[in-house]
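Just below is one structure, and these are the notes that go with it.
The values are calculated or read from the model by the stated rules, or taken from the named source; none is laboratory data. Just so we're clear, the structure is a prediction, and the values are computed from it rather than from any experiment. Cβ atoms come from the backbone with ideal geometry, glycine included; neighbour counts cover every protein chain shown.
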Amino acid sequence: MILGILSFKGGQAKTTTAVHIAAFLSKRASTVLIDSDLNRSALTWAGRGELPFAVVDEQQTARAARQYENIVIDTKARPLSGDIKSLEKNCDLLILPLTPDPLSIDALKLTLDALGQIDKTKYRILLTICPPFPSHDADDARRLLTQAGLPLFEGQIRRAVAFQRAGLAGSTVDQVADPRSEECSADYEAIGQEILRIVKE
Ligand code: ADP
């Protein structure tokens, strides 16, 4: 399976999503995360600690394609239209992490409009860093995007410092000593299950 994680704006949890989806897949089959982001966030994350899968830069893509069953690509920030078309063609599914604030949603909608048609079966928007109740931001974002006819994952990722701790420790969130690490891990686990269902269809 080849998954591309992409976002049109920084701070949407693109790398955090790439790391946790790769961890989910690595429990089932050999998995590699390809860091194509010039910021090298995923490689830096991996260098700080230990992740249960390999992280390589894009120069190693060809070798990785031969060695691993699953490939997760942390794509470069601010992709151009040609990059996106190529990812759409070459990935089984694109995952677009999005924080539910109005500016991020506007940026995403503008980009999707500008792109014209990305095939709606080829991507899902993932709401990330969702603030807890009593905030309605995530629900509002979901309603708005659904009304706009855009495809979303059913699940979403809560906002929790445990994710920041995982990044600092170079681990996945389930390895962090934090009372909420289990529920945080379950959020990405549920998305992993959705991905398996979508890609099989
Ligand atoms: P991007 O790759 O889109 O720039 P990152 O994955 O690097 O995003 O995340 C940006 C910041 O948000 C990091 O500090 C990260 O630890 C934090 N973060 C990511 N996901 C969450 C979350 N669910 N809750 C709280 N903070 C998060």
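Can you find a residue that is in a loop (DSSP other than H, G, I, E, B) and aliphatic (A, V, I, L, M) anywhere in segment 118-129? Let's see the steps before the verdict.
Of all residues in segment 118-129, those in a loop (DSSP other than H, G, I, E, B) come to 118-122, 128-129.
Within this subset, residues satisfying the condition of being aliphatic (A, V, I, L, M) are 118, 129.
There is at least one residue in segment 118-129 that is in a loop (DSSP other than H, G, I, E, B) and aliphatic (A, V, I, L, M).
Thr44: assigned to a helix (DSSP H, G or I), near the ligand (Cβ under 8 Å from one of its atoms) and modelled with pLDDT of 95 or more, yes or no?
no
Can you tell me which residues in segment 61-116 are under 17 Å from Leu150 (Cβ atoms), of a type in the set (Val, Ile, Thr) and in a strand (DSSP E or B)?
If the condition is that a residue be under 17 Å from Leu150 (Cβ atoms), of a type in the set (Val, Ile, Thr) and in a strand (DSSP E or B), then Ile95 is the only one that fits.
Condition first: touching a Lys or Arg at 6+ places or on another chain (Cβ under 7 Å) and modelled with pLDDT of 90 or more. Now tell me which residues in segment 109-151 satisfy that.
Once the filter is applied, which keeps residues that are touching a Lys or Arg at 6+ places or on another chain (Cβ under 7 Å) and modelled with pLDDT of 90 or more, segment 109-151 yields Leu127, Ile129, Cys130, Pro131, Pro132, Pro151.
Does Ser7 qualify as being within 15 Å of the ligand (Cβ to nearest atom) and in contact (Cβ under 8 Å) with a residue 60 or more places away in the chain?
Details: within 15 Å of the ligand (Cβ to nearest atom): yes; in contact (Cβ under 8 Å) with a residue 60 or more places away in the chain: yes.
Yes: the conditions hold for Ser7.
Among the candidates Lys109, Lys76, which residue alone is more than 16 Å from the ligand (Cβ to nearest atom) and either under 22 Å from Gln193 (Cα atoms) or surrounded by 12 or more Cβ atoms within 10 Å (Cβ to Cβ) (or both)?
Values: Lys76 fails: more than 16 Å from the ligand (Cβ to nearest atom).
Answer to the selection: Lys109.
Output yes when any residue across segment 8-15 is assigned to a helix (DSSP H, G or I) and among the hydroxyl-bearing types (Ser, Thr, Tyr), and no when none is. It would help to see each step written out before you state the result.
First pass over segment 8-15, keeping only residues assigned to a helix (DSSP H, G or I): 14-15.
Now restrict to residues that are among the hydroxyl-bearing types (Ser, Thr, Tyr): 15.
Yes, some residue in segment 8-15 is assigned to a helix (DSSP H, G or I) and among the hydroxyl-bearing types (Ser, Thr, Tyr).
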